[in-house]
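The next block holds one structure in the form of structure tokens; read it before the comments.
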Amino acid sequence: MPTRLLRSPLSALRLWLLVALALCAFAQAALAGSAELEQGIALIKTNKYDQVEEGVTLVASSRDPRAVGLLAALQDSDLYLRKADGRLFIATRSDAGYDLIDPLTQAPAGTAGKRDLKRIRINNRLRSQLRTAVATLNLTHPEASVRLAAVNEMLDRLDADSLALLRDLAGDEKNAEVRAGMTAAIALADLNADEPARRIEALDQLEGNLHPAVQGGIQRLLDREQDEAVRATAERVLEGLQFKRDLYGFAETLFFGLSLGSVLVLAAIGLAITFGVMGVINMAHGELIMLGAYTTYIVQQLMPEHIGLALFLAIPAAFVVSGAVGILIERGVIRFLYGRPLETLLATFGISLILQQLVRTLISPQNVPVANPDWMSGSWQINSVLSLTMNRMYIIAFCLIVFTALYLVMRRTSLGLQVRAVSQNRAMARAMGVRSARVDALTFGLGSGIAGVAGVALSQLTNVGPNLGQSYIIDSFMVVVFGGVGNLWGTLVAGMSLGVVNKILEPWAGAVLAKILVLIFIILFIQKRPRGLFPQKGRAAEG
Amino acid sequence: MRLGTLHLDRGGQIFLALLALTTLLVPILNLAVPADSPLHVSTFTVTLLGKYLTYALLAIAVDLVWGYLGILSLGHGAFFALGGYAMGMYLMRQIGDRGVYGNPELPDFMVFLNWQELPWFWHGFDMFWFAALMVMLVPGALAFVFGWLAFRSRVTGVYLSIITQALTYALMLAFFRNEMGFGGNNGLTDFKDLLGFDLQSDATRIGLFIASALAVAGGYLACRTIVTSKLGRVTVAIRDAESRTRFIGYRVERFKLWVFTFSAVLAGIAGALYVPQVGIINPGEFSPINSIEIVVWVAIGGRATLYGAVLGALLVNYGKTYLTGVMPDAWLFALGGLFVLVTLLLPQGIAGLLRRKEATA
Amino acid sequence: MKTLDTLRTTMRRDQVWEIMVPKTGLELDISHGTILYLEDISVTFDGFRAIDRLNLYIDAGELRCIIGPNGAGKTTMMDIITGKTRPDTGTAWFGQTIDLLRLSEPEIASVGIGRKFQKPTVFEHHSVMENLELAMAADKRVWPTLVARLTPEQHARIDAVLETIGLQAHRARRAGALSHGQKQWLEIGMLLMQDPHLLLVDEPVAGMTHQEMDRTAELLKSLAGRHTVVVVEHDMDFVRSIANKVTVLHQGSVLAEGTMDEVQNDARVIEVYLGGDEGH
């Protein structure tokens, strides 16, 4: 279609104008453009495919900054003709029929009923033309990101006009990323050049460019290419691309794995304290996580206007709530059961049932909605292959922060020192003046509080309901046992590696089977090394 | 059966006498007494009692390994469920062409999944003897392999508990998958008959009830024989001082392995009797919480007293049926509270309480 | 030796999967008069050398006392002999033919090494008699244990041991209800029931009265000859009352060996151990 247009007189005019735009002063072009704009709009108003098509061409070639809005609306089928006066409007559905917006000024223009309007119809050919037209217009947009998107949009279907425009623009482009995109687009077009040398040159330029269109373009070249030298280069470039793609694919898997691992570490790290350091089997650990998640929900309910702030406030709140419940459990039940791990397991399991039912009765048996603040969504696009979602990034960062904080508490504070003393030799610590009962309560509170903080993080990732804790308890124990009891680093390494292994297995085994395989692996691993990855050594451990 | 087995076991004597009495009376009260009589026992109650008895057998199995060997298994539900699945597969094959899709060979869910032929592991389950063998063999083999690995590398205490829990959790995830060929989410259900007897008829229900009672009695006597033998004294020795037992020359891992495997077989039999009475088996039976519940029955009844395990299973399950009927919300509160109170105040369970009463009287 | 060591580390018992390890002969051969050979044994716990190139030979039928300050490695040495701890290097042979490092604890017990622990560990929930029954030399596999019944000879043997340890009156009592000294005796009784070639006795008189101590000394002396007895003890009077030969351990290796008098006059021993108030 572009070639057909090129032959028409109008296209010739457009080509001239495009060149003119690049060369001449802006005001001149704008003057010349506004006449075209009006002419084009008139053609669009006819609402006949052929004439709309010509109209679009005219509007696009006007290079008027106002044209983008109009064309974009048309592309989205939001452009309407008001029957009464024959004017064009962008209309969006509302309660009172349609809200009208002027397509050029983007100013609100009242409302209209459904019967007053007629939609400008478009077909696939128009849609395709519009896409290129909008992209071409956006090439000169002041925002670099818009320009980049425009280049990417038109990368693999350049017509001669836009190619010429690109060649002109590429030289002046300030933004490196956009310039690279433009060069790639030009090179892609050059793959069709007649001289093999130019094709090879183009291939060299495309080397390492991960845009999906590049791979397709080279593949198409290979399908028809006769020249051996060009073929060899193309194959080499393609291979390099594939390698890079695999590399980024692996990086992505690794990223997913680490984020899953972070979730596991967060869920397990409180347990690493209560189970690992104190030796208490706390089956209610999952429910302490759940309480943290519910605390997030409640804080958000208290301040519905400030979702993000509520999230931050929820962190200390959850720490306090879960920590207090933990201390209550320790003082009320667990302290009578020290040295009887199996009984502790049963009693804390009973507590977990009570906590679950408490939440069901007091709040709701259903899941509750916890809002995500805006900055949690979105993603960081590293290149066209690799993009890292923000919420996963935050979870990894959060996990590391919590871990570091906990590590420092255990290593650098007197509480940490006392905890380690009590866990190594209770009688001796007591003789040295450590109040072991107080230390037990505080340690358990610390582990529980961390569980609550983990709950805040989990509330952003999964459904918050009474069963939230149950789904994490087994995983948490696996992580702690796998890492080696009494070893915070072990928990970190174990959680992260289990997360990564899980994600590596997932593509060929499926999520459920991957999880089963990981469980079986841990079961076998514990047979082989009953004390985990990083066992505590020494005579005492031989017990 | 030797005389020594029930000697000095008053709890056991009373339990077996009551069991025999119930087994005689219930069929008469159900079949011979007219329905409008206040003495009539409805078929629903008979089935409920039968279900409780299978739970009692399961509790005995858990008590054998926990009470007398010190292995707190949080995965015995898996053996129970595997026995149940083996029986369920037989019952599925018995449906024949009476299923919704009328396929004489394939169970409905396979037709639904568009499977063309029976998976290899479903062969043989059309024969009762084979299924009955599998009821014992599959849980037994799993326990043997698992125990062989775990006991020889001396995984003990809470570590062992946690990996048994992981075992049943992994099995639950696996059985939820349709690809496993066990009916996925829905499990196996819509059974028609067992050995040619209609599962809905009163007589079959009574038969299953009696079979359950016999199984519980048999299981009780078998376990009692074990715990009163020298083998039982060795297991208690292992429970109390494992390494000491090793130093006087017992291969602790083998004792653990065989007792654990035997216990798993008992659990499998309990599962096989459970399935035809409740009419369904699904992956939910594997869920870790079920296994923990069994341990609670034993803890409440009294660890290391076999009749205590039975008592616990019956009482807790009756309480569950009652409470979930009257005030469904309260059940979990009650169960959770029981856990805490029993471990704190009644470490010997109800049986311990009874014994103390007896001692002071 | 090098390859053998490598093999040993890869085949460590606590590392599992070593189903394939061949068992050496299980017949005790003491034709050379020595029952226990510990050669060049070292064990490290987390950087701490509990045993450092220890060499120790015990003759068949002798009564040997091993003394040494706390942390000298006495209990660790016992752990190695009974298979509880595996050394990093070195060899341990029971007689000429039995490689102890390849056997598990029950296997070591069944070839004829019995041990009494420092802290008395009896089976608290069993009666005194049941404790002895469990310890008795018998077929200790699973099925024979299930069908085992006490024969009249075995009854007689239990009675005899009960008499030796003076617990006839307590035979039906729960072991957990015994006094500390009685538990010590019961444990020695259990050792006797095992009828081992080599008895390892860790602090047998801790918590005993003087009378009990004397009886214990008599008992241990009477055992020597038919059995080989190795005693680890702190109480010097007790050691003097029973020992022909004393070995002093210090920092994981043998410091001195000889009669009590020789040892007591050894300058190094006086410095590290007897120099304090304990020795006279």
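Worth a mention:
- For chain C, pairs of C-alpha atoms spaced more than 25 angstrom apart make up 49 percent of the total.
- More than 21 Å apart - percent of Cα-Cα pairs taken over the stretch A:172-247: 22 percent
- Its residue count N sets the reference 2.2 N^0.38 Å, and the alpha-carbon radius of gyration of chain B equals 1.01 times that reference.
- As a calculated quantity, the FRET efficiency between residue B:326 and residue A:358 at R0 = 25 Å, using C-beta atoms, amounts to about 0.80.
- Largest-first ordering by accessible area, 1.4 Å probe, given options A:390, B:136, A:290: B:136, A:390, A:290
- Taking label positions 7 Å along the Cα-Cβ direction at both residue A:336 and residue C:97, the computed distance is 5.9 nm, reported to one decimal.
- Per residue, the average separation of C-alpha pairs within less than 8 Å and at least 6 apart gives the stretch A:172-247 a relative contact order of 30 percent.
- Cα-projected label distance for residue A:382 with residue A:87, points at 7 Å along beta-carbon direction, nm: 5.1 nm
- Counting Cβ atoms of other protein chains within 10 Å of each Cβ in B:147-155 and taking the mean gives 5.
- Listed residues C:210, C:231, C:190: farthest to the positive end of the dipole of the stretch C:186-251 (Cβ charges): C:231
- Extent of the protein assembly as shown along its three principal axes (Cα atoms, max minus min coordinate, largest first): 126, 95, 61 Å.
- Members of the stretch A:334-367 that become less accessible by 50 Å² or more once partner protein chains are added (1.4 angstrom probe, chain alone as reference): A:342, A:345, A:346, A:349, A:353, A:354, A:357
- List of the stretch A:492-521 residues, accessible area with partners at least 10 Å² below that of the chain alone (1.4 Å probe): A:512, A:513, A:515, A:516, A:519
- Counting Cβ atoms of other protein chains within 10 Å of each residue's Cβ and taking the mean over peptide C:105-117 gives 4.
- Largest-first ordering by accessible area, 1.4 Å probe, given options A:162, C:179: C:179, A:162
- For the pair the stretch A:61-96 / the stretch B:208-225, the C-alpha centres are spaced 82 Å from each other.
- Accessible surface ranking that places the most exposed of A:93, B:233 first, with a 1.4 angstrom probe: A:93, B:233
- FRET efficiency, residue A:324 to residue A:529 (Cβ-Cβ, R0 41 Å, nearest 0.05): 0.65
- Label-point separation, residue B:37 to residue A:231 (7 Å along Cα→Cβ), nm: 9.7 nm
- Protection-proxy order for peptides A:349-362, C:33-46, each taking the mean of Cβ atoms within 10 Å per residue, highest first: A:349-362, C:33-46
- Exposed-loop-free span, longest in chain C, where trypsin sites (Lys or Arg not before Pro) count as exposed if DSSP calls them loop and at most 15 other C-beta atoms lie within 10 Å: C:24-140
- Taken residue by residue and averaged, Cβ atoms of other chains lying within 10 Å of the Cβ of C:133-142 number 5.
- Cβ-derived FRET efficiency at R0 25 Å, residue A:145 paired with residue A:46, nearest 0.05: 0.10
- Relative contact order (percent, whole number), the stretch C:2-274, Cα cutoff 8 Å, 6+ residue spacing: 25 percent
- Check: the protein assembly as shown dipole with +1 on Lys, Arg Cβ and -1 on Asp, Glu Cβ, in debye: 1800 debye
- Heavy-atom accessible surface that A and B bury in contact, both chains counted, 1.4 Å, Å² to 100: 3600 Å²
The values are calculated or read from the model by the stated rules, or taken from the named source; none is laboratory data. Note that the coordinates shown come from a computational prediction; the quantities given were computed from them, not determined experimentally. Methodologically, a virtual Cβ is constructed for each residue, glycine included, from the backbone with ideal geometry; neighbour enumeration extends over all protein chains shown. For the accessible areas, the whole protein counts, side chains as well, though only heavy atoms, and no ligand, DNA or RNA atoms are used. Shrake-Rupley method; radii C 1.70, N 1.55, O 1.52, S 1.80 Å.
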